[in-house]
Amino acid sequence: MRRAYRLDVRLAVVVTVMSALTLIGAGMILSMEFTRGQFGIEERGLSTQVEEWAGLLRRNPGGTVVFDRPAEPSSEIDPPYTGLLSGTRPVYGYTVTDATGRVLDRSDANAPAGRPGPADPEPVLLIGPTLDGAGPVLIAELFVPEFGVWLRLARSRSDVTALTNTFFAQSLEELGWAALAMLVVMVITAVSIVRFSLRGLRRVAAQAKRITFDNLGHQRLSGASAPAEVQPLIAAVNQALDGIRAGAVAQRDFSIHAAHELRTPLADLKLRLEGLASDPDRDAAMQDIDAMARLIEQLLQIARLDGSTAFSLQSLHLGETVAQVLQEAAPRLVSAGWLLEADGLDSPVQISGDPTLIALILRNLLDNVRKHTPVGSRVKVSISDDGTLLFTDTGPGLPRGFPGSNFARFVRGNDDARSGSGLGLSICETAMRRMRGTFSLEPTVSGAAFRLIFSLERSPAAGKTT
């Protein structure tokens with residue numbers, strides 16, 4: 001089975017990756033814009049420089065045009081850019097060229113190579129190599145009409161790239177931790193928003209956890225607080241619960257009707273057998289009919305417990321309720337030879353329960369005693385102040401390995417189908433659950449003991465319907 005993923009973890013990974021890609025993309029775009037901006041500044045600066053330096057051209061006594069280049073404080077560039085642009089070399093290179101392309105004057109480094117272009121009085125920008133083979137460099141050339149020459153200034157393009165790289169290296173060093181912290185904050189914020197948004201879905205999950213077969217008739221999922229994306233799922237689950245409920249009701253009705261219909265022919269059959277002379281076959285048939293009658297009665301009880309029958313939980317005096325049931329059900333057991341002892345019936349224990357269900361439980365336990373313990377066994381019913389009823393007997397007890405709770409239906413303690421149907425303990429547990437109590441097998445050295453824990457009545461309010 002494929003393991004389910006956690007939405008908040010997946011979102012954290014997605015947000016982290018997307019944020020990292022966003023930061024990288026933003027850095028690349030910023031780098032491109034910075035480089036392009038630096039190129040634009042460099043081109044404008046070089047155009048202005050060539051126009052200003054054109055006034056420094058002069059003709060020497062020999063008639064040759066020379067350029068009186070001013071000193072450049074290239075060694076005074078502020079760190080960390082010192083040495084990155086041109087080091088100790090001049091930042092700008094130049095050549096003075098005549099119409100034939102002959103170089104009349106040049107710088108020692110970064111002197112641009114190539115023939116000049118048209119005689120344009122406006123600066124012209126181009127890219128080309130230097131006379132010493134370096135480059136490419138950015139060249140600004142300007143035709144100076146009064147001397148009939150072209151002044152060509154050059155600056156290395158790599159200076160701008162170095163400046164950009166150094167700028168971003170310094171920015172990353174100073175702002176990298178801030179970017180990392182911002183990334184962590186973005187992830188935590190996104191996950192927190194998702195967890196907050198999924199609170200409604202967690203409420204729906206809690207509602208689903210509280211749905212049991214006992215409250216299936218009126219308990220449904222409420223999607224008012226859930227996201228709109230899961231509303232179709234909630235509606236589908238509620239529709240499925242409606243279908244399950246309808247099937248359970250149909251099954252319950254069938255069991256009730258079948259049990260009622262079978263009672264009459266079984267009673268008629270028993271009357272006919274009672275009119276026959278006693279013999280082994282007739283006695284065995286009578287025993288089978290009694291077993292069938294008990295099974296039908298227990299099936300009817302199970303159907304009523306599983307169905308929508310409303311049991312009114314009210315404040316009861318546990319001792320008085322148990323005493324009334326024993327007065328009605330115990331005489332037949334005692335007259336047949338079993339011993340019955342009751343303790344704590346006068347204890348002022350107020351519980352929340354239903355007298356019909358309590359009678360149903362005690363009758364099933366007494367019926368088990370009659371069927372599974374020998375005549376003369378002792379039965380004891382004791383009540384404690386904490387709302388606990390302990391039912392014990394001195395019979396052979398249940399077999400080893402028999403479950404102590406969650407009693408499955410049709411599970412018998414022996415292989416004799418005539419001795420019981422395996423529904424009695426399941427009926428007791430279901431009835432206790434309907435009264436919000438518990439029913440369990442108590443470990444003993446000999447015999448069998450069952451512990452019934454009722455819900456104590458803590459307020460004088462009227463009973464509630466379940």
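No lab work stands behind these numbers, since they all come straight from the coordinates. Computed from a predicted structure; not experimentally measured. All Cβ positions, even for glycine, are placed from backbone atoms using ideal geometry, and neighbour counts span all protein chains on display.
Counting 0.36 nm for each residue step from T48 to L21 and taking away their Cα separation leaves a gain of 5.7 nm.
Extension gain for V230-T189 works out to 12.5 nm (0.36 nm per residue, less the C-alpha to C-alpha distance).
Taking amide H atoms as placed 1.01 Å from N in the peptide plane, the amide H of W338 lies under 5 Å from those of G376, each 5 or more residues away in sequence or on another chain.
Annotation: the antiparallel percentage among DSSP beta bridges lying fully within the range 310-397 is about 65.
Peptides 436-442, 447-453 ordered by packing proxy, namely the average of other Cβ atoms within 10 Å per residue, highest first: 447-453, 436-442.
Relative to the current alpha-carbon distance between M292 and M32, full extension at 0.36 nm per residue lengthens the span by 84.4 nm. Placing a pseudo-label 7 Å from each Cα along the Cα-to-Cβ vector at A246 and A285 gives an inter-label distance of 4.5 nm. Ordering 276-286, 387-397, 221-231, 365-375 by mean Cβ neighbour count within 10 Å, with the highest value first, yields 387-397, 365-375, 221-231, 276-286. Coupling constants for the range 130-146 follow from the phi torsions by the Karplus curve (6.51 cos²θ - 1.76 cosθ + 1.60, θ = phi - 60°), and in residue order they are 9, 5, 8, x, 7, x, x, 10, 8, 10, 10, 10, 9, 7, 9, x, 5 Hz; glycine and proline get x. A simple spin-label model places pseudo-atoms 7 Å from Cα toward Cβ; at D98 and E146 they are separated by 2.0 nm.
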